[in-house]
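Structure, as structure tokens:
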Amino acid sequence: MGVDLIGSENKMVAIVETKNNSKSEIEKSIIKIKKNHKNVKSILKKNSGPKGEFRIKKLELIDGEENTEVIHKENNYLIKIDPRKVYFSSREGTIREKISSEMKAGEKILIMFAGVGPYLVSISKIQPKIKEVIGIENNPIAVKYMEENIRINKIAHLVTPIEGDVNEICKNYSEEFDRIIMPMVYAKNYLDIATKIIKNGGLIYIYMISEENDFKDIDYFVSKFFENSNRKYKILEKNIICLFSPNKYKILVKMEVSK
């Protein structure tokens with residue numbers, strides 16, 4: 001049984017992933033969570049991973065309060081979310097902190113698929129001397145949470161939230177971003193957009209899926225992609241974020257793109 005906890009000491013939501021849907025296993029999970037985490041107000045069972053255009057997980061309320069909106073505490077900032085309405089992964093807090101710590105003063109940064117804004121908030125808190133962070137998200141509910149998280153964390157002077165499709169919004173940009181972050185497992189389908197609007201020598205951080213321990217499938221995809229590009233690339237890092245599914249890993253690929 002896997003359990004994700006989202007929230008803070010005042011109120012938390014537990015998301016349970018069971019190996020099977022037996023009634024006895026679910027009941028044992030509920031008892032264990034209630035015993036170990038007194039601040040959990042709702043328990044949700046994960047029935048599917050992220051699905052559809054807005055990457056929403058199918059979560060079923062199996063115990064507790066109907067209201068599953070919480071304020072999640074991550075590092076030195078807060079993220080307001082309802083996991084039944086928007087995509088959010090508490091497991092990615094460490095990788096968000098790592099990436100955010102690499103940002104430099106005066107840089108202009110783009111977050112594609114920004115969700116409720118965890119990267120916008122994390123970057124602005126860790127590197128408050130950035131020039132600007134722009135976040136693009138297509139889910140209107142997630143955008144409303146993003147705007148609320150900007151307000152809660154008092155970073156409106158540093159960030160610009162945009163509701164819309166990445167394909168359309170990015171037509172308004174040229175080679176102007178120092179770094180582009182693409183935190184979505186199928187972001188490789190948008191790599192051509194990112195390479196057109198990244199500065200010469202800029203850095204792209206992209207989530208990808210690998211079925212191989214040595215990540216050779218990622219190397220192959222990237223090399224084939226750049227064969228048909230007018231840009232050059234250099235992969236600087238490949239880091240495991242978490243297990244995506246049996247025998248598949250969610251990987252963060254950091255690459256430098258130049259002319």
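Among [x] 58, 42, 29; [y] 65, 61, 36; [z] 51, 43, 32, find the value of Cα extents along the principal axes in Å that was calculated from the structure presented, and write down its label. This structure yields the entry labelled [x]. Shown is the FRET efficiency for Glu27 and Asp217, computed with R0 = 51 Å from the Cβ-Cβ distance and rounded to the nearest 0.05: 0.80. Taking Cα atoms only, the orientation of helix 216-227 departs from the longest principal axis of the chain by about 40 degrees. Among Val253, Val133, Val40, the order by Cβ neighbours within 10 angstrom, fewest to most, reads Val40, Val253, Val133. Which length gain, in nm to one decimal place, applies between Thr18 and Lys129 when the Cα-Cα distance is subtracted from 0.36 nm times their residue separation? Here the answer is 35.6 nm.
Report the gain in length on full extension from Lys196 to Ile141: 0.36 nm times residue separation, minus Cα-Cα distance, nm rounded to one decimal.
Working: separation 55, 0.36 × 55 = 19.80 nm, distance 2.87 nm.
Length gained between Lys196 and Ile141: 16.9 nm.
Result for the chain in a Gaussian network model with C-alpha springs under 10 Å: among Ser22, Ser245, Ser101, the largest mean-square fluctuation is at Ser22. If the segment from Ser174 to Ile152 were pulled out straight at 0.36 nm per residue, it would be longer than the present Cα-Cα gap by 4.8 nm. Against the chain, whose longest principal axis is taken from its Cα atoms, helix 140-152 shows a tilt of about 90°. Within the stretch 90-258, DSSP assigns beta bridges of which about 55% are antiparallel (rounded to the nearest 5). Charged side chains reduced to their Cβ positions (Lys and Arg at +1, Asp and Glu at -1) give the stretch 102-195 a dipole of some 400 debye around its Cα centre.
Using unit Cβ charges (K, R positive; D, E negative) and no other charged atoms, how large, in debye to the nearest 20, is the dipole of the stretch 2-68 about its Cα centre?
180 debye
Here the dipole of the chain is about 460 debye; that uses its Cα centre as origin and unit charges on the Cβ of Lys and Arg (positive) and Asp and Glu (negative). Since only Leu252, Ser229, Asn138 are under comparison, the one whose Cα sits farthest along the positive direction of the charge dipole of the chain, derived from C-beta charges on Lys, Arg, Asp and Glu, is Leu252.
Indicate the gyration tensor shape class of the stretch 2-68 (rounded, prolate or oblate), computed on the Cα atoms with a ≥ b ≥ c the square roots of the eigenvalues: a/c under 1.5 is rounded; otherwise a/b larger than b/c is prolate and the rest oblate. Oblate shape, in that a/c is at least 1.5 and b/c is the bigger or equal ratio.
Bear in mind that the values in this text are calculations on the coordinates, not laboratory data. Bear in mind that the values here come from a model prediction, so they are computed numbers and not experimental data. Neighbour counts run over all protein chains shown; Cβ positions are idealised from the backbone, glycine included.
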